[in-house]
Amino acid sequence: MRLIKRMMLSFLMSASVLPTAASAQGFDPRVPLAQIVQAFQICGPPAVYQMLSPQLFQIVAAQTGGRGCYVDIAAAGAITGMQVIDQREFPVGPVYAIRVTHQSGASADWFVGFNRSTGRIEMLTYQNVFAQNPLPSVLNGPTNPLGGSTNPGNRQPIDPKPPAPDTSKQSQGCNLYPDMCK
Amino acid sequence: MIRIVRREVVAGGLLTLFWGTKARCQISRTSDGGGCWIPHRQVASYFALATKPSVVTSGAVRIEPRSGRPELDRAFAQSLAMMAGTFGVLPAFTYYDDNADRNARATPEPILDRADGTVMFGLTMLRDLLEDATIADAAIVSVAAHEFGHIVSFKNGMINDLVGEDGAPYRSEQFADYMSGYFSGRRKLERPSFKAFVFVDVLGGMLGGGDHGSARQRGEAVHNGFAAAFAQKLSLDDAIQTGYRFAMSRKL
């Protein structure tokens, strides 16, 4: 409970740490997501939770008993790679699909939605990429201002792309001019 | 006569498989007609849409961080510097608001002093090219290299022959595609993993006709340029001459 009090306190005192409309051009969504995932693994530091909207913060606290971390995400191991695989703009702000791979071999597509005016994360969820190394059950934010359902079982905030294709195999250039593919 | 050469977007055919419905081919013409040529009096209006021009003399020069991916912005700046070195030209580079027009352009008129003309890269086009993260880097470079190809023809005066009396831009576009392919070949020699095939996917991905040439014609020009660098290992001067002859022999 001490941690959640610290989290709440820091949250109330925090300012926006994510890009506002004026500063979003050079924004790399992988940076805050990496911090969030790592916080979900090691239960902190509290400042990281400042990136979450108040509602999302409350949900995380409720789902984790105030600890701020998830056992199964921690079990996936350290992040070994992150790739932005999709981005959609919504009136509230952008939603990114980011493929995160872990030391254990597990991969998940995280969907993280930002509120442009507050600079905070409003929506956060993920889908496992490979069934043989699944991450835990879906993590949901409390509300989805971008139009998705709040039902954890049905939540599909955006339609994610399938895993990134091997572009060379589908390439017109490769088919026509194999010497450009060698 | 001062010209601005328009490079249309670029996607269609198989490329649509990558980029989905947002990847579309368009040939948009100026209200004044004349295909891709924009009258001199419109140059100022295009410059008014420019963001922050820079002359990228080396990879250390920072361009505007417009991609949302800092590492890609840095790599793009390095590629622009490589193009300048490979092609022996030093145009000013700037993004501009292309709105729904989705274009990149080149003009012999410098937006900055002492530059060899100006390459203008549309922000809408940039956004579209970024959609497939797996090829975005090479896709952006292919378009920029095409524009640098135009700059080469502006600087050495070949543009006058390439366009001809009728003002048709087809041969100048073939030359620019050839030079873009040449750059891809040079890069692949330096770095074998370089995705040269993306140049065909992008520049040769356009469906239908239009004054830039068909998808097949554009792909052929890119591939010929690629082979000049990668297989034949032509010097820049030889590649320019070969590209010129190639383009002049082409018929729309």
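Coordinate-derived values only; no laboratory data. Please read all numbers here as calculations on a predicted model, not as lab measurements. We place every Cβ from the backbone using ideal geometry, glycine too, and count neighbours over all the protein chains shown.
Look at the stretch B:234-242: the mean tally of other chain Cβ atoms within 10 Å of its residues' Cβ atoms is 0. Residues whose amide H lies under 5 Å from that of B:TYR95, counting only those 5 or more places away or on a different chain, are B:THR51, B:LYS52, B:PHE121; hydrogens are built 1.01 Å from N in the peptide plane.
Taking amide H as placed 1.01 Å from N in the peptide plane, the amide H of B:LEU234 sits under 5 Å from that of B:ALA229, each at least 5 places away or on another chain.
Amide hydrogen proximity for A:MET123: with H placed 1.01 Å from N in the peptide plane, the residues at 5 or more positions away or on another chain lying under 5 Å are A:GLY113. What aspartates and glutamates could a cross-link reach from A:LYS182, if we take a straight Cα to Cα line under 19 Å and drop same-chain neighbours fewer than 8 places away? Those aspartates and glutamates meeting the cut-off are A:ASP166, B:ASP137, B:GLU190, B:ASP201, B:GLU220. When each of B:HIS223, A:HIS102 is scored by the number of other beta-carbon atoms lying within 10 Å, the sequence from fewest to most is A:HIS102, B:HIS223. Counting neighbouring Cβ atoms within 10 Å and putting the fewest first, the residues B:LEU234, B:LEU203 line up as B:LEU234, B:LEU203.
Here segment B:178-252 is treated as a sphere whose radius is the Kirkwood value from Cα pairs; by Stokes-Einstein at 20 °C and 1.002 mPa s it diffuses with a coefficient of 175 µm²/s.
Multiplying the residue separation of B:SER235 and B:GLU165 by 0.36 nm and removing their Cα-Cα distance gives an extension gain of 22.2 nm. Derived scalar couplings between HN and Hα for segment B:113-119 equal 4, 6, 8, 7, x, 9, 9 Hz in order, rounded to whole Hz, by the Karplus curve 6.51 cos²θ - 1.76 cosθ + 1.60 (θ = phi - 60°), x for Gly and Pro. Cross-link pairs exceeding 19 Å between alpha carbons, from the set B:LYS155/B:LYS251; B:LYS188/B:LYS233; B:LYS155/B:LYS233: B:LYS155/B:LYS251; B:LYS155/B:LYS233.
For A:ASP28, what charge total do you get from the other residues with a beta carbon under 10 Å from its beta carbon, if Lys and Arg give +1 and Asp and Glu give -1? Around A:ASP28, the surrounding residues sum to +1.
Note on A:ARG120, A:ARG30, B:ARG186: ascending count of other Cβ atoms within 10 Å places them as A:ARG30, A:ARG120, B:ARG186, the fewest first.
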